[in-house]
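None of the figures in this text is laboratory data; all of them are computed from the coordinates on show. A quick note: this is a predicted structure, and the numbers were derived from the prediction, not measured. Note that each Cβ is placed from the backbone with ideal geometry, even for glycine, and that neighbours are counted across all protein chains shown.
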Amino acid sequence: MSTNTQTSTALGLDVGTSRIVAAKRQEKDIQFDSQLNAFVTIPFSKLTQSVLKKEAIPHVVQDSEITVYGDESERFANLFHRETRRPMLRGILNPDEAGSLMLVRQIVELVMGPGEGQGRRVCFSVPAAPLGATDEVNEHESGLKNMLNKMGFDAHPIPEGLAVVYGEMEASNYTGIGISCGGGLCNVCLSYLSVPVFNFSIPKAGDFIDESASQLRGEPATRIRTIKEESFHFNGHFVNKIHQALAAYYDDVIQALVAALKDQFASVQNMPKLTRPIPLVLSGGSVMPPGFRDRFEKSLREIELPVAIAEVRMASNPMVSTARGALVAALSEA
Ligand SMILES: Nc1ncnc2c1ncn2[C@@H]1O[C@H](COP(=O)(O)OP(=O)(O)OP(=O)(O)O)[C@@H](O)[C@H]1O
Ligand SMILES: [Mg+2]
């Protein structure tokens, strides 16, 4: 199907552990809409329900509870001194949260905007399976695909690392290494002329940093996360004990990522002959702290890879690379 309407209404969707992001083409620009992939529940009362409705705060009512979801869930969690809960964990639907797929659907509807799918093509991101979790990732993928199809979309999965390559590496003809450091996982793809050579993920990213620092310092993970997002950076000396802990666990993630990259290169068969040095792009919320790029490059330069890396570059907007790449994929197939 390649009508113009289909092309102009194709969508990119990044279903992440931490955030869900939709990308739509608007004339020459791309519009991004994002929401936290999180919720809190509060006790049901008719009054609360009517106030939430009046304030247009996204919620669903179930039995004796009201579930507030998306960005608003953080405000409610802080208000009631609670942690937000997540429909997803380490890149896939959280099997411990009943109704996780229903909540993801609500949040997807928020970022996609009102209206039925009307057969529009949507490419949605899926993680590369961490070691030994292939079945779980396949189940996650088919769960999301069914959900989007039921909403009326023509849904197709794209590995998150490959989406980063599509979103950020047009200039090198989609040749290079795309990395997304998210909440649950770091996803990596080596692509040669838009064809993936390998995709992999490691189960260590932002949530691991928050939880580890939270345990070490005895502070709630949500508070650690806020400190990390608002004030953490790599340079200088850390007088603050929380910053110290964040730096140590960040280093742990970077070391694990670089080691896994080395292992992947060592194990790949039929490696294409890369004649030119290739670029590497860093994206995802966890690459945001100032100094991340330098710290990552330093670790990368300490290992030997069978290809030369031309540059280690930050994505143009690391928070939306995956959604942008999913949109590129959807438009190119439409
Ligand atoms: N300014 C910031 N500084 C540091 N960390 C940040 C910043 N903004 C977001 N993050 C962190 O980025 C992570 C979320 O990144 P992202 O939205 O890319 O993940 P995701 O795609 O939802 O997750 P995944 O890809 O693992 O499923 C969280 O750990 C969050 O705390
Ligand atoms: Mg992600």
Notebook entry, point to check: Which residues' amide hydrogens lie under 5 Å from the amide hydrogen of Met314, considering only partners 5 or more residues apart or on another chain, with H built in the peptide plane?
Noted result: Leu282
Item checked: Centre separation in Å (Cα based) which lies between the range 26-62 and the range 143-188 -> 25
Check: Taking a quarter of the surface of the Cα convex hull of the range 22-106, what do you get in nm²?
Finding: 7.1
Next item on the list: Scan the range 197-273 for trypsin sites (Lys or Arg not before Pro) in coil per DSSP, keeping those whose Cβ has at most 14 other Cβ atoms within 10 Å, and list them by number.
Entry: Lys273
Checklist line | Long-range Cα-Cα pairs in the chain (distance over 33 Å), rounded percent | finding: 27
Next item on the list: Rank by packing, highest mean first: peptides 309-321, 45-57, with packing defined as the count of other Cβ atoms within 10 Å averaged across residues.
Entry: 309-321, 45-57
Check: Pairs Lys204/Lys228; Lys262/Lys298; Lys145/Lys204: which exceed 21 Å Cα-Cα?
Finding: Lys145/Lys204
Next item on the list: Would you compute, from DSSP H runs of 4+ residues alone, the mean residue ellipticity of the chain at 222 nm, taking -39500 (n - 2.57) per run and dividing by the full residue count, rounded to the nearest 500?
Entry: -12500 deg cm²/dmol
Checklist line | DSSP-loop chymotrypsin sites (Phe, Trp or Tyr not before Pro) across the range 33-119, with at most 11 other Cβ within 10 angstrom | finding: Phe80
Note to self: Less than 28 Å apart at the alpha-carbon level, and either on another chain or at least 8 residues along: which lysines does that give for Lys46?
What the structure shows: Lys54
Item checked: Whole-Å semi-axes of the range 116-229's equivalent ellipsoid (Cα gyration tensor) -> 28, 20, 14
Checklist line | Paired Rg and Dmax values of the range 197-334, which use every Cα atom, in angstrom | finding: 16.9, 53
Item checked: Estimated dipole of the range 208-332 in Debye, rounded to 20 [Cβ of Lys and Arg +1, of Asp and Glu -1, Cα centre] -> 260
Next item on the list: Can you check how the C-alpha radius of gyration of the range 218-262 compares to 2.2 N^0.38 Å, as a plain ratio?
Entry: 1.27
Check: Quick one: Karplus J couplings for the range 107-114, per residue in order, coefficients 6.51, -1.76, 1.60, θ = phi - 60°, nearest Hz, x for Gly and Pro?
Finding: 6, 4, 4, 4, 7, 7, x, x
Next item on the list: Please list, in chain and number order, the residues 5+ apart from Arg120 or on another chain whose amide H is under 5 Å from its amide H, with Hs placed from the backbone.
Entry: Asp154
Notebook entry, point to check: Using the Karplus equation 6.51 cos²θ - 1.76 cosθ + 1.60 (θ = phi - 60°), what ³J(HN,Hα) coupling, rounded to whole Hz, does each residue of the range 38-52 give in order, writing x for Gly and Pro?
Noted result: 8, 8, 9, 10, 10, x, 6, 8, 4, 5, 4, 4, 6, 5, 4
Checklist line | chymotrypsin sites (Phe, Trp or Tyr not before Pro) restricted to DSSP loop in the range 153-253 with at most 14 other C-beta within 10 Å | finding: none
Margin query: Once each part is reduced to its C-alpha centroid, what is the distance from the range 72-118 to the range 123-137 in angstrom?
Written below: 19
Checklist line | HN-Hα J in Hz across the range 265-281 - Karplus 6.51, -1.76, 1.60, θ = phi - 60°, x for Gly and Pro | finding: 4, 5, 9, 6, 9, 6, 5, x, 6, 9, 7, 10, x, 10, x, 10, 10
Check: If you put +1 on each Lys and Arg Cβ and -1 on each Asp and Glu Cβ, how big is the dipole of the range 101-253 around its Cα centre, in Debye rounded to 20?
Finding: 180
Notebook entry, point to check: In the chain, what % of DSSP beta bridges are antiparallel (nearest 5)?
Noted result: 70
Note to self: How large is the Kirkwood hydrodynamic radius of the range 167-251, counting all unique pairs of alpha carbons, in Å?
What the structure shows: 14.5
Notebook entry, point to check: What residues have an amide H closer than 5 Å to that of Cys186, excluding those fewer than 5 places away on the same chain, when H is modeled at 1.01 Å from N in the peptide plane?
Noted result: Ile202, Lys204
Next item on the list: Please provide three numbers in whole Å: the alpha-carbon extents of the range 83-165 along the principal axes, with the largest listed first.
Entry: 37, 33, 20
